[in-house]
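Taking it in order: structure first as structure tokens, then the write-up.
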Amino acid sequence: MKKSEIKFFVTLDEENIPEKIEWMAEDNINSGLSETKTISISLWDEKKNNTLRIDLWTKEMKTDEMKRFYVDCIGGLSQSILNSTGDEFMSKETNKLCDRLIEHIKNKSD
């Protein structure tokens, strides 16, 4: 059985606020560390029947970028819902939410 490892490296300031986030994966076509401004990881805890989350972002992450990031995450979840469960209704409703959020973001920036 093949195993693949993903690593995250977070540089914190003196107040434990992320200044830099880097990551690497064994199967990544780009070798070495890649830098990012934010990560959002969700894990299913079967024993507690609950989702565990890790959300980190750097000081440089702008609010409008963060909003776009979360809309993109929700859009990705829409496709994951369809792929993993086949539930077209949930997938379509999630996409509709993304459409409404995109409009909200556009209207706030006008």
* Asked: When TRP23, TRP57, TRP44 are ordered from fewest to most other Cβ atoms inside 10 Å of their Cβ, what list results?
  -> TRP44, TRP23, TRP57
* Asked: Which distance in nm do the two modelled labels at GLU15 and THR85 give, with both placed 7 Å along the Cα-to-Cβ direction?
  -> 3.9 nm
* What Kirkwood radius, in Å to one decimal, follows from the Cα pairs of the range 1-60? -> 13.3 Å
* Could you size up the charge dipole of the range 62-110 around its Cα centre, putting +1 on the beta carbon of Lys and Arg and -1 on that of Asp and Glu, and report it in debye to the nearest 20? => 160 debye
* **Percent RCO, i.e. relative contact order, over the chain, from Cα pairs under 8 Å lying at least 6 residues apart** => 16 percent
* Asked: Once amide H atoms are built 1.01 Å from N in the peptide plane, which residues 5 or more positions from LYS20, or in another chain, come under 5 Å H to H?
  -> THR11
* **Point-to-point label distance, GLU5-LYS96, nm (Cα→Cβ direction, 7 Å offset)** => 4.6 nm
* Given the rule -39500 (n - 2.57) for each run of at least 4 DSSP H residues, summed and divided by the residues of the chain, what is its mean residue ellipticity at 222 nm, to the nearest 500 deg cm²/dmol? -> -14500 deg cm²/dmol
* Compute the Cα gyration tensor for the range 62-110, then decide on rounded, prolate or oblate, letting a ≥ b ≥ c be the square roots of its eigenvalues: rounded whenever a/c is under 1.5, prolate when a/b is larger than b/c in the other cases, and oblate in all that remain. => oblate
* Asked: What are the ³J(HN,Hα) values, in whole Hz, obtained from phi via the Karplus relation 6.51 cos²θ - 1.76 cosθ + 1.60 with θ = phi - 60°, for each residue of the range 90-104 in sequence order, with x given for Gly and Pro?
  -> 4, 4, 5, 5, 5, 5, 4, 4, 4, 4, 5, 5, 4, 4, 4
* Could you give the radius of gyration (one decimal) and Dmax (whole number) of the Cα atoms in the chain, in Å? -> 16.8, 52
* Separation of alpha-carbon centers, the range 76-110 and the range 1-54, rounded to whole Å -> 24 Å
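Readers should treat all values here as calculations from the given coordinates under stated rules, not as data from a laboratory. Since the model is a prediction, treat every value here as computed from it, not as a measurement. All Cβ positions, glycine included, derive from the backbone under ideal geometry; neighbour counts span all protein chains shown.
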